[in-house]
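A.B. asks: Below you will find the structure I want to go over with you.
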Amino acid sequence: YRMAEAKEMLAVKGGCYVPTAVTVEQPGVPLTDAELYFIGMMMTDGTWTPTRGAISQSERHPEILMRIETCLRDCGIGYSKSREKVHASVGAMAVQQRHPRWRYSLSAGKPKAHGNTGRGPVAPKRTWQEVSGKTGYRHLLPYLDKDLAPALMALSKSQSTVLLCGIFDGDGSKRVNVDYTPRSMEICSARRLVVDRLQALAAIHGMTANVRSDQGPSRPDHRGRRRRAA
């Protein structure tokens, strides 16, 4: 063994262990794991305003749909679940979706009680499912930011892991039909600031985070995303 410069390690097969310069004990934030997962999903597959929001997710990964519904239940957030339209528009171009998508519509405030809103004793025919809740997401608005809210930079290591799980379920590259268990996450994002902040969180907690920019001729997906972060 000998002392060597970092650039010499580039040629070492199998990588090498490089300790971080500092160890930071983050204080954490006053949020539950369910709320952190919810924030990760809203950052990636969610939209919101001060009054209402929604999460859109494909049927391709039914386990993610189950995690979203478990998260909303644990947060106490009421929602309605419905199928989205077959086509999604990208500017003037319509894109055929490979898998049906489900939309979870949420209220920022306390949800109204669900009931028969039709005329007469027979409820109208519905094409959606309603799940009652005790609250909305208004109390989480200070933490909702597509570029990762600065307040989340105080996350502890365990909290950062939960947030990453939500972000990965929304914008992660899933490996299917492989004969091994992946030990890393690959997250795609067109937002350089959120990539930088995620890498900073990883460095604080001693996690390895590599970032690369996809500059190839690949076409953007239905959201126009090109950048890839691993």
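A.B. asks: Mind listing whichever residues of region 54-74 are in a helix (DSSP H, G or I) and open to solvent by less than 20 Å² (accessible area, probe 1.4 Å)?
C.D. replies: Initial filter on region 54-74 (in a helix (DSSP H, G or I)): 62-74.
Hits for region 54-74 are Ile64, Leu65, Ile68, Cys71, Leu72.
A.B. asks: On to the next question. May I ask you to list pairs of residues, at least six apart or on different chains, whose Cβ atoms are under 9 Å apart, with the first in region 205-218 being farther than 18 Å from Leu164 by Cβ and the second being modelled with pLDDT under 85 and not in a loop (DSSP other than H, G, I, E, B)?
C.D. replies: Ser213/Arg228; Ser213/Ala229; Asp214/Arg228
A.B. asks: Can you report the number of residues in region 133-148 which are of a type outside the set (D, E, K, R) and without any contact (Cβ under 8 Å) to a residue 60 or more places away in the chain?
C.D. replies: First, pick out the residues of region 133-148 that are of a type outside the set (D, E, K, R): 133, 135-137, 139-144, 148.
Retained after the next criterion (residues that are without any contact (Cβ under 8 Å) to a residue 60 or more places away in the chain): 136, 139, 142.
Number of matching residues: 3.
A.B. asks: Return yes or no: is Ser158 among the small types (Gly, Ala, Ser) and open to solvent by 60 Å² or more (accessible area, probe 1.4 Å)? Let's see the steps before the verdict.
C.D. replies: Values: among the small types (Gly, Ala, Ser): yes; open to solvent by 60 Å² or more (accessible area, probe 1.4 Å): yes.
When the stated conditions are applied, Ser158 passes them.
A.B. asks: Looking only at residues that are touching a helix residue (DSSP H, G or I) at 6+ places or on another chain (Cβ under 8 Å) and modelled with pLDDT under 90 in region 23-37, which one is surrounded by the fewest Cβ atoms within 10 Å (Cβ to Cβ)? Explain how you work it out, then say what you get.
C.D. replies: Residues of region 23-37 that are touching a helix residue (DSSP H, G or I) at 6+ places or on another chain (Cβ under 8 Å), as a first pass: 24, 26-29, 31-37.
Pick out the ones that are also modelled with pLDDT under 90 and you get 24, 26-27.
Values: Val24: 11, Gln26: 16, Pro27: 9.
Only one residue fits best here, namely Pro27.
A.B. asks: Hey, any hits in region 216-229 for a residue that's within 18 Å of the chain's Cα centre (by Cα), open to solvent by less than 50 Å² (accessible area, probe 1.4 Å) and modelled with pLDDT under 85? Don't jump to the end; show me each part of the working.
C.D. replies: If we filter region 216-229 for residues that are within 18 Å of the chain's Cα centre (by Cα), which is where we start, we get 221-229.
Cutting the leftovers down to open to solvent by less than 50 Å² (accessible area, probe 1.4 Å) gives us 224, 229.
Filter once more, keeping what is modelled with pLDDT under 85: 224, 229.
Yes, the conditions are met somewhere in region 216-229.
A.B. asks: Still on this model: How many of the residues making up region 178-201 are out of contact with any Asp or Glu (no Cβ under 9 Å at 6 or more places or on another chain) and either buried (at least 18 other Cβ atoms within 10 Å of the Cβ) or at pLDDT below 90 (or both)?
C.D. replies: Result for region 178-201: 13.
The values are calculated or read from the model by the stated rules, or taken from the named source; none is laboratory data. Quick caveat: nothing in here was measured; it's all calculated off a predicted structure. Ideal geometry is used to build each Cβ from the backbone, glycine not excepted, and the neighbour counts take in all protein chains shown. Please note that ligands, DNA and RNA were not included when accessible areas were found on the heavy atoms of the full protein model with its side chains. Shrake-Rupley method; radii C 1.70, N 1.55, O 1.52, S 1.80 Å.
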